[in-house]
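Engineer: Next up is a structure, given as structure tokens.
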Amino acid sequence: MVTPFHEGKVDEARLRQQVDFQIAKGIDALVPVGTTGESPTLDFKEHARVIELTVQYASGRVPVIAGTGANSTAEALELHQIAKKAGAPACLSVNPYYNKPTQEGLYRHFMTLADRVDLPIVLYNIPGRTGVTMTPATVARLAKHRHIVAIKEATGDLNIAGEIAASCDITIISGDDSLTVPIMSIGGKGVISVLSNLIPAQIKTLVQLCQGNQYSEAALLHRKLFPLMRAMFLDGNPVGIKHAMKVANTDTGEMRLPLWEASDGTKKQIEQCMKEIGV
């Protein structure tokens, strides 16, 4: 989920509207305060507030997988505890970013979280953001812990997803809209999606087609949506999705610096892609 802002503050009314819209369109879970939610620009109090509000607004209709990652194990632990207290039934925990830990450091980081918070954890492997890739061998080690239940696989490398699938039975969830179909074809279970902020029903349909082994139909829908999937990232995330939502009359407000609005060329490309699929 994007985090909506108005005049520099979290827009709580718009957040409620987003929650209701997503649920009405059939999504299976909500994921607040991840990368698309601009989590690095939220202060600690705001981060906790967005988790609490999302759980409150969802009101048990769907699970909330709360974004709780940090590059300090102590801070990540506190965020996990906040999510637990707020009533989130699971959390999304990204690889510690910037400090580039070793594989043993990653293992000990996530094991500390899993040991100390009674909450299912979805690992989040996204080296383009964090500067470090969790190897399939490390994922397999972590998957032995009862609280580590899934991984959001966003390396962009299908070989890594394949190695994870071959080495353990952890649930694999695509972290890239453009790789949902390939990852599900080798055993993935779905996607934590950027584009669902705009077109949740279509993304849900794509996943359901894959779940039903209807890959010919899934491929057709994938090809239809692919240009828009890629356009979302031309100037970074959530720059693209926030512009698309504005065009679709679901404006979520400004972004926080250092993020800035899309270039004119990117805006035109996004708008053209939206027009072509009837959004």
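The values are calculated or read from the model by the stated rules, or taken from the named source; none is laboratory data. All figures in this text were calculated on a predicted structure; none of them were measured in a lab. Using ideal geometry, Cβ is built from the backbone for each residue, glycine included, and neighbour counts are taken over all protein chains shown. Protein only, heavy atoms only, side chains kept; ligands, DNA and RNA dropped before computing areas. Shrake-Rupley method; radii C 1.70, N 1.55, O 1.52, S 1.80 Å.
Engineer: Hey, Ser167 hits all of (1) polar (S, T, N, Q); (2) without any contact (Cβ under 8 Å) to a residue 12 or more places away in the chain; (3) under 28 Å from Arg146 (Cα atoms) but one; which does it fall short on?
Structural biologist: Evaluating Ser167 over (1) polar (S, T, N, Q); (2) without any contact (Cβ under 8 Å) to a residue 12 or more places away in the chain; (3) under 28 Å from Arg146 (Cα atoms) leaves (2) as the failure.
Engineer: Okay, moving on. Are any residues in region 230-254 hydrophobic (A, V, I, L, M, F, W, C) and under 21 Å from Pro200 (Cβ atoms), and if so, which ones?
Structural biologist: First pass over region 230-254, keeping only residues hydrophobic (A, V, I, L, M, F, W, C): 231-234, 239, 241, 244-245, 247-248.
Correct list: Ala231, Met232, Phe233, Val239, Ile241, Ala244, Met245, Val247, Ala248.
Engineer: Listed residues Ile121, Ile170, Ile160; which is at pLDDT 95 or above, among the β-branched types (Val, Ile, Thr) and open to solvent by less than 10 Å² (accessible area, probe 1.4 Å)?
Structural biologist: Working: Ile170 fails: open to solvent by less than 10 Å² (accessible area, probe 1.4 Å); Ile160 fails: open to solvent by less than 10 Å² (accessible area, probe 1.4 Å).
Sole residue among the options that is at pLDDT 95 or above, among the β-branched types (Val, Ile, Thr) and open to solvent by less than 10 Å² (accessible area, probe 1.4 Å): Ile121.
Engineer: Restricting to region 55-71, name every residue that is modelled with pLDDT of 95 or more and either closer than 18 Å to Thr41 by Cα or of a type in the set (Gly, Ala, Ser) (or both).
Structural biologist: Taking region 55-71 as the starting set, the residues that turn out to be modelled with pLDDT of 95 or more are 55-68.
Of everything in region 55-71, those that are modelled with pLDDT of 95 or more and either closer than 18 Å to Thr41 by Cα or of a type in the set (Gly, Ala, Ser) (or both) turn out to be Ala58, Ser59, Gly60, Ala66, Gly67, Thr68.
Engineer: From Ala86, Ala114, grab the single residue that is among the hydrophobic types (A, V, I, L, M, F, W, C) and within 12 Å of Val64 (Cβ to Cβ). Can you show your working first?
Structural biologist: Details: Ala114 fails: within 12 Å of Val64 (Cβ to Cβ).
Going through Ala86, Ala114 in turn, the sole match is Ala86.
One line per residue, one yes/no per condition, for (1) among the acidic types (Asp, Glu); (2) under 20 Å from the mean Cα position of the chain (by Cα); (3) under 18 Å from Met1 (Cα atoms):
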position	(1), (2), (3)
Arg223	no, no, no
Phe233	no, yes, yes
Gly236	no, yes, yes
Ile241	no, yes, yes
Asn249	no, no, yes
Thr252	no, yes, yes
Leu257	no, no, no
Ile270	no, no, no
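Engineer: A further question follows. Pick from region 53-68 the residues that are in contact with a helix residue (DSSP H, G or I) (Cβ under 7 Å, 6 or more places away or on another chain) and surrounded by fewer than 19 Cβ atoms within 10 Å (Cβ to Cβ): which of them is nearest to Thr3 (Cα to Cα)?
Structural biologist: Our first condition is that a residue be in contact with a helix residue (DSSP H, G or I) (Cβ under 7 Å, 6 or more places away or on another chain); within region 53-68, this holds for 53-55, 57-58, 61-62, 64, 66-68.
Then drop every residue that is not surrounded by fewer than 19 Cβ atoms within 10 Å (Cβ to Cβ), which leaves 53, 61-62.
Working: Leu53: 11, Arg61: 20, Val62: 18 Å.
Filtering first and then ranking leaves Leu53.
Engineer: So which residues in region 222-250 are charged (D, E, K, R) and free of Cβ contacts under 8 Å to residues at least 40 places away in the same chain, if there are any at all? It would help to see each step written out before you state the result.
Structural biologist: Going residue by residue through region 222-250, those that are charged (D, E, K, R) are 223-224, 230, 235, 242, 246.
Matches in region 222-250: Arg223, Asp235, Lys246.
Engineer: Can you pull out the residues in region 1-32 that are in a helix (DSSP H, G or I) and open to solvent by less than 40 Å² (accessible area, probe 1.4 Å)? Quick ask: steps written out before the conclusion?
Structural biologist: Step one: list which residues in region 1-32 are in a helix (DSSP H, G or I), which gives 12-24.
Across region 1-32, the qualifying residues are Leu15, Gln18, Val19, Gln22, Ile23.
Engineer: Give me a count of the residues in region 124-149 that are within 13 Å of the chain's Cα centre (by Cα) and either farther than 22 Å from Ser72 by Cβ or open to solvent by 20 Å² or more (accessible area, probe 1.4 Å) (or both). If you could, list the steps in order and put the result at the bottom.
Structural biologist: Filtering region 124-149 for residues within 13 Å of the chain's Cα centre (by Cα) gives 124-126, 129.
Next cut, either farther than 22 Å from Ser72 by Cβ or open to solvent by 20 Å² or more (accessible area, probe 1.4 Å) (or both) only: 126, 129.
So the answer is 2.
Engineer: Moving to a separate point now. Mind listing whichever residues of region 33-43 are in contact (Cβ under 8 Å) with a residue 12 or more places away in the chain, in a helix (DSSP H, G or I) and either out of contact with any Lys or Arg (no Cβ under 6 Å at 6 or more places or on another chain) or of a type in the set (A, V, I, L, M, F, W, C) (or both)? Before you say what the answer is, go through the steps one by one.
Structural biologist: Narrowing region 33-43 to residues in contact (Cβ under 8 Å) with a residue 12 or more places away in the chain: 33-39, 41-42.
From what's left, in a helix (DSSP H, G or I): 39, 41.
Listed by number, the list holds a single entry, Ser39.
Engineer: Another question, if that's okay. Within region 259-268, does at least one residue satisfy the condition of being at pLDDT 95 or above, crowded, with 16+ Cβ neighbours inside 10 Å, of a type in the set (S, T, N, Q) and out of contact with any helix residue (DSSP H, G or I) (no Cβ under 6 Å at 6 or more places or on another chain)?
Structural biologist: yes
Engineer: A further question on this structure: If you go through region 177-208, how many residues are open to solvent by 30 Å² or more (accessible area, probe 1.4 Å) and either in a helix (DSSP H, G or I) or of a type outside the set (A, V, I, L, M, F, W, C) (or both)?
Structural biologist: 10
Engineer: Continuing with the same structure: Need a quick list: helices (runs of 4 or more DSSP H) entirely within region 44-151 having at least 1 residues that are aromatic (Phe, Trp, Tyr) and either under 15 Å from Ile170 (Cβ atoms) or touching a residue at least 60 places away in the same chain (Cβ under 8 Å) (or both). Write out each step before concluding.
Structural biologist: Values: elements: 44-58, 73-86, 103-116, 127-130, 136-142.
Ranges flagged: 103-116.
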